[in-house]
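The values are calculated or read from the model by the stated rules, or taken from the named source; none is laboratory data. All values derive from a computational prediction rather than experimental measurement. Here the Cβ positions follow ideal geometry from the backbone for every residue, glycine too, while neighbour counts run over all protein chains shown.
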Amino acid sequence: MERLDKRLAATGRWSRKEARDLIRAGRVTVSGQPCRRPEEKVEPGAEICVDGAAIEASGPVYLMLNKPAGLVSATEDPREPTVLSLLPERYQRLGLFPAGRLDKDTVGLLLLTNDGALAHRLLAPRSHVDKVYYLEVDGFLTREDCLAVEQGITLGDGTVCLPGKMELFDEKNRANLWIHEGKYHQIKRMMASRGKPVTYLKRISFGPLTLDPDLEEGSWRALTEEEIQALFRQ
C-alpha cells in the first residue's frame with residue numbers, strides 16, 4: 001500500500017505538491033472511484049487515472065554516471081551543484097540519489113538509483129562490496145605502502161581501516177586501490193597517513209559494475225539488465 005500522492009509523483013510527471021493539488025481538485029480516480037485525499041493508501045495494482053487517462057508509476061531506476069569534479073554527491077545542496085543536475089528533467093522527480101558518495105573533486109563511477117533497499121544492502125559494511133579506485137599521489141608509493149593497506153591503515157584520529165589491496169603501476173606515483181568500506185575521505189586520509197597526499201582520484205568500479213570506458217565525464221546511461229542482475233547477486 002502506498003500513498004496516492006506518492007504514486008503519482010513516482011511517474012516523474014508531477015511533483016508531490018502538484019500531485020496533491022490534482023487529487024484535491026477531484027481530477028484523480030482510483031479503480032474508477034474519485035479520490036480527493038492525497039494520503040489515501042492504494043493497492044499496487046490499482047488503476048489510477050488523471051483526467052480520465054490511466055497513469056503508470058515508474059519502476060526502480062538504475063543509472064551509471066561518470067562523475068566529473070566539482071559536483072557534490074547529494075540530492076540537494078544549498079551552496080553547491082549536485083550530481084543530479086546532470087540529469088534531464090524527466091529524471092528529476094523520480095527520487096534518485098547517489099548510492100554512496102564521491103568527494104567533490106573525485107571523479108568516476110557513481111550509481112544513481114531510487115531503489116533504497118538495494119542501495120542500503122550494497123553500502124552496508126557487512127556486504128563487503130569492493131570499490132576500486134585509480135589514484136595518483138605526490139611522492140612515490142612503495143611495497144611498504146601496499147603492505148600497510150593490506151594490514152589495515154590506522155588514520156591520524158585512531159580510526160582503523162579494514163584491510164584492502166593496492167597494486168602499483170610502473171610509475172610509482174600511480175596505483176589501483178581496492179577497499180570495501182567508505183569512511184569520510186578514506187583514501188585521501190590513508191595516503192596522507194603515509195606521507196603521500198592524493199593528487200587525483202577516480203573510482204573505476206563498484207561491486208560488479210565497471211565504469212563504461214565510452215562514458216565521458218559528466219555523462220550517464222541506464223544500466224543494462226545484466227548489470228542490474230549482477231548488483232542483485234552481489
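Summary of computed values
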quantity	calculated
Breaking point among (1) of a type outside the set (V, I, T); (2) within 27 Å of A119 (Cβ to Cβ); (3) in contact with a helix residue (DSSP H, G or I) (Cβ under 9 Å, 6 or more places away or on another chain), for A148	(2)
Given (1) in contact with a helix residue (DSSP H, G or I) (Cβ under 9 Å, 6 or more places away or on another chain); (2) surrounded by 13 or more Cβ atoms within 10 Å (Cβ to Cβ), index of the condition C49 fails	(1)
Test set (1) crowded, with 17+ Cβ neighbours inside 10 Å; (2) touching a helix residue (DSSP H, G or I) at 6+ places or on another chain (Cβ under 8 Å); (3) under 30 Å from T106 (Cβ atoms) - V83 fails condition number	(2)
Single residue of Q186, Q151 found to be on the phi < 0 side of the Ramachandran plot and in contact with a strand residue (DSSP E or B) (Cβ under 7 Å, 6 or more places away or on another chain)	Q186
Selection count where residues are among the β-branched types (V, I, T) and surrounded by fewer than 16 Cβ atoms within 10 Å (Cβ to Cβ), scope region 171-203	1
Qualifying residue in region 35-45 (condition: of a type outside the set (S, T, N, Q), at pLDDT below 90, surrounded by fewer than 16 Cβ atoms within 10 Å (Cβ to Cβ) and over 31 Å from the mean Cα position of the chain (by Cα))	no
Extreme residue, surrounded by the fewest Cβ atoms within 10 Å (Cβ to Cβ), among residues of region 147-161 that are touching a Lys or Arg at 6+ places or on another chain (Cβ under 8 Å) and in a helix (DSSP H, G or I)	E150
Which listed residue is among the aliphatic types (A, V, I, L, M), within 19 Å of Q229 (Cβ to Cβ) and without any contact (Cβ under 8 Å) to a residue 12 or more places away in the chain, from A117, A124, A99	A117
Checking N66 against (1) in the same structural domain as L96 (by TED's automatic domain parsing); (2) modelled with pLDDT under 90, the condition it does not meet	(2)
Lone unmet requirement of (1) surrounded by fewer than 19 Cβ atoms within 10 Å (Cβ to Cβ); (2) touching a Leu at 6+ places or on another chain (Cβ under 8 Å) for A99	(1)
Top-ranked residue in region 1-34 [being of a type in the set (A, V, I, L, M, F, W, C) and in contact (Cβ under 8 Å) with a residue 60 or more places away in the chain; ranked as surrounded by the fewest Cβ atoms within 10 Å (Cβ to Cβ)]	W14
Of the criteria (1) free of Cβ contacts under 8 Å to residues at least 60 places away in the same chain; (2) surrounded by 17 or more Cβ atoms within 10 Å (Cβ to Cβ), which one L223 fails	(1)
Any hit, region 185-193, residues being under 21 Å from V72 (Cα atoms) and either free of Cβ contacts under 8 Å to residues at least 40 places away in the same chain or in contact with a Cys (Cβ under 7 Å, 6 or more places away or on another chain) (or both)	yes
Residue match in region 108-124 (condition: among the polar types (S, T, N, Q) and out of contact with any strand residue (DSSP E or B) (no Cβ under 6 Å at 6 or more places or on another chain))	yes
